[in-house]
Amino acid sequence: MRSNNVKFGLDKPLWQQYLNYLGDVVRLDFNYSVSNYPRTVASMLADALPWTIGLLLTTTLLAFTIGTLLGAILGWPGAPHWLRFALPR
């Protein structure tokens, strides 16, 4: 257990750990994951990035499409009155 503390820098005071962390973030050096030790944080981010972009793209397209359609329906003079009541302007 002692060697892991030294390896991750957990043997140093908290303020020094924080300054080391900030310096590493500036250099984009995230080092090894504490919870998934043999893996690096950069590899974990690289694995998650395609899923994040896919979800972001999907939700953006859905929000744009639904918002545009509902806005067009509300702006249409022949829209049903119950719909104008259900979707406030």
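Quick check on Gly78: is it exposed (fewer than 11 other Cβ atoms within 10 Å of the Cβ) and outside any helix (DSSP H, G or I)?
Answer is yes for this residue.
Looking at the stretch 1-16, which of its residues are over 16 Å from Ser33 (Cβ atoms) and either at pLDDT 85 or above or aromatic (Phe, Trp, Tyr) (or both)?
Asp11, Lys12, Pro13, Leu14, Trp15, Gln16
Matching residues to (1) open to solvent by 100 Å² or more (accessible area, probe 1.4 Å); (2) among the β-branched types (Val, Ile, Thr); (3) touching a strand residue (DSSP E or B) at 6+ places or on another chain (Cβ under 6 Å); (4) in a loop (DSSP other than H, G, I, E, B):
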residue: Trp15; (1), (2), (3), (4): yes, no, no, no
residue: Asn36; (1), (2), (3), (4): no, no, no, yes
residue: Ser43; (1), (2), (3), (4): no, no, no, no
residue: Ala46; (1), (2), (3), (4): no, no, no, no
residue: Pro50; (1), (2), (3), (4): no, no, no, no
residue: Thr59; (1), (2), (3), (4): no, yes, no, no
residue: Leu70; (1), (2), (3), (4): no, no, no, no
residue: Leu74; (1), (2), (3), (4): no, no, no, no
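Within the stretch 64-88, count every residue that is within 36 Å of the chain's Cα centre (by Cα) and modelled with pLDDT under 80.
Qualifying residue count for the region: 6.
The values are calculated or read from the model by the stated rules, or taken from the named source; none is laboratory data. Being a predicted model, the structure only gives us computed values, none of them experimental. Glycine also receives a Cβ, built like all others from the backbone with ideal geometry; neighbour counts cover every protein chain displayed. The protein model used for the area step is the full one, side chains on, heavy atoms only, and it has no ligands, DNA or RNA in it. Shrake-Rupley method; radii C 1.70, N 1.55, O 1.52, S 1.80 Å.
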